Amino acid sequence: MKTFYAKKNISALRNLVLFSVLSFAVVSCSNDFLDTQMPSNYIEGDSIVVMSDIGSFEYEFDMQSAGPGEWKLFQFPIWLDISPKEGVLNGNSRVNFHFTVNKQEMYVDLGLYTFPLIFDVENVGLVENTVVLANVGEPEINDTPSEITADYTFKGQYQLVNSGHGILIWQVVNKPECLQLDVTEGVLNSHEYGIWDYSIDPSGFDPGEYSGQVEIQSNASEQNFTINFNFTIQETGYYGGYLSGEYLDAGFSKSLNQVIVLTREPNNLLFFKADSSDADTVKLNKIPRCLALSEDEQTVAVGFSDASVSTFETQSHTLLMNYSLNAVPNQIEFGSENSLYFLAWTDYTTFLYTLNLQNGLTKRSIGSNNGLSTLKKVPGKDLILSTRKGWSPDGLFVFDITNEAVDSLNEYWSSLNGFWLSENGERLFTGSQNVYQIPEYVPGQAWIMNSPPVAGEFNIGDGLKINDMVHQSSAGKLFIAYEEGYYRSTTYIKQLNDQNYTIQKTYEASPAPPDFYPAGNTWWVETLKLFPSPNGEELWIIRKYPADDYELPDMWTIERIEIN
């Protein structure tokens with residue numbers, strides 16, 4: 001039997017002592033100060049574990065006797081005062097003792113030690129009990145810092161320090177429900193520290209500031225030790241707040257003036273509206289990869305890493321249907337309200353697939369097109385365009401999707417450096433600052449060495465990296481987000497006339513790093529998406545920023561600026 005006598009019932013202490021007693025040969029101290037001849041017969045009795053800081057305690061030992069008789073204390077540790085030291089058994093073999101720990105007589109270092117506690121019992125012999133001393137010394141518990149404020153990731157680390165001369169045994173006994181701690185109990189040696197991860201689940205919290213307290217029980221003090229945690233839920237996600245999760249993709253519903261953002265970890269589908277102070281959130285129970293919005297803006301599709309696609313109603317955000325695929329989608333795009341196209345890596349190359357949303361059947365192209373990385377449906381036409389981002393040339397791939405075809409393809413052998421479509425489906429704007437007419441599909445002509453028909457060009461500067469373009473025909477404007485080479489600390493947005501391509505306005509974004517951002521780390525900003533509001537008076541902007549820790553996903557924001 002193992003009995004523990006300590007200030008507090010700490011499970012880490014039990015685990016430590018049991019493991020040590022069962023797995024290691026511990027030091028045994030003799031009691032030579034007792035000059036008594038030991039009889040030859042003895043019986044094994046109980047085992048107890050005593051913490052060095054307990055002070056005093058009581059325990060009932062079994063004298064292993066079946067009848068009346070006398071008993072007396074035969075051998076005991078010098079640091080343990082025992083009362084009574086002798087007595088008479090009257091049919092009950094159990095005797096209750098009062099013990100007092102005398103630390104002045106404890107001439108041992110920190111650690112675990114065994115000592116004999118022996119009683120001489122009439123008609124029985126020697127009953128030998130074992131006392132295991134856990135000499136924990138004088139530990140002290142501290143943390144760094146004592147006040148923890150979570151950043152936009154709702155993740156971080158907490159630290160406990162044993163600043164005393166002793167063994168610190170600790171466990172968490174109370175914490176907020178939303179707070180997850182990787183480690184909740186443990187042992188720290190003298191002047192040792194431990195660093196562990198924490199995370200906060202912000203789900204269900206209204207905008208505002210929140211705080212909570214973690215209580216830690218330990219053998220360093222009678223009082224529980226506390227760590228305060230603070231975090232903030234932003235009042236609005238799109239007026240400068242840094243949002244959690246890795247940004248994957250976004251779409252825009254003109255009819256609802258609503259931006260739809262897909263994130264990973266947390267896996268969410270976020271719906272941002274101009275008349276709301278926060279996003280409506282659809283929690284996804286799988287890992288998302290890509291997003292598409294139907295041309296009529298009624299349906300949102302999300303591709304997942306488990307080779308599946310789910311569709312949602314745009315306005316109500318309700319789930320419509322789940323589809324199992326035979327490949328993991330990398331990019332998806334609606335061909336019509338009844339069909340969905342996707343790119344997938346299969347057999348070491350890329351294929352184009354189509355999914356019939358009515359019967360759930362998929363079809364794969366016969367030929368592969370390695371390197372394809374984007375799909376864009378041409379408004380009002382049965383055409384989907386693609387390109388090989390990062391290739392030279394990246395080319396223009398024109399797929400005729402009449403009757404859900406997947407192999408009707410024209411490939412233009414030209415360099416675009418990315419492309420964006422005009423709102424009416426007539427023009428193609430490129431990162432090379434050329435404007436082309438969107439070509440019609442030419443049956444039977446797989447390769448076309450010429451560029452598409454030229455429709456113009458624009459010039460916003462040399463050596464630029466264009467990240468996004470968006471055309472608004474009703475306002476007669478073309479918006480271009482770009483960076484100037486390596487100077488990524490500043491990002492710009494140009495507003496052009498959509499007919500003669502003259503520059504009308506330039507918007508500059510050079511945000512300062514947030515307060516928590518480490519000094520000396522490179523700070524840059526990149527505009528990912530532009531969406532003009534239907535009335536042409538505002539521009540939705542999604543930007544990406546570096547995380548304070550390079551191992552974390554980049555931060556991102558969504559906001560609106562006036563453009564009239």
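Coordinate-derived values only; no laboratory data. Bear in mind the structure is a predicted one, so any value in this text is a computation, not a measurement. Cβ coordinates were reconstructed from backbone atoms using ideal geometry, including for glycine residues, and neighbour counts include every protein chain displayed.
Some points to look at:
- Under 5 Å, built H, 5+ apart or other chain: amide partners of D498: K477, L478
- Total charge dipole magnitude, the range 138-233, about the Cα centre, Cβ charges on Lys, Arg, Asp, Glu only, Debye to nearest 20: 80 debye
- DSSP beta bridge pairing in the chain, given as percent antiparallel to the nearest 5: 90 percent
- Under 19 Å from K85, Cα to Cα: lysines that are on another chain or at least 8 residues apart: K72
- Counting DSSP beta bridges with both ends in the range 138-233, the antiparallel % (nearest 5): 90 percent
- Unsatisfied cross-links (Cα-Cα over 18 Å) in the set K254/K505; K465/K494; K477/K505; K273/K494; K273/K465; K254/K477: K254/K505; K273/K494; K273/K465
- Rounded tilt (10° steps) of 11-23 against the dominant C-alpha axis of the chain: 70 degrees
- Amide hydrogen proximity for S414: with H placed 1.01 Å from N in the peptide plane, the residues at 5 or more positions away or on another chain lying under 5 Å are G395, L396.
- Estimated vicinal HN-Hα couplings, Hz - the range 88-96 in sequence order (Karplus 6.51, -1.76, 1.60; Gly, Pro = x): 10, 8, 10, x, 10, 7, 9, 10, 8
- Here's the picture: charge each Lys and Arg Cβ at +1 and each Asp and Glu Cβ at -1 in the range 326-471, and of L421, L372, N450 the one pushed furthest to the positive end of that dipole is L372.
- Take each peptide in 244-256, 313-325, count the other Cβ atoms within 10 Å of every residue, and average; sorted highest first, the result is 244-256, 313-325.
- Derived scalar couplings between HN and Hα for the range 176-183 equal x, 5, 6, 9, 10, 10, 5, 10 Hz in order, rounded to whole Hz, by the Karplus curve 6.51 cos²θ - 1.76 cosθ + 1.60 (θ = phi - 60°), x for Gly and Pro.
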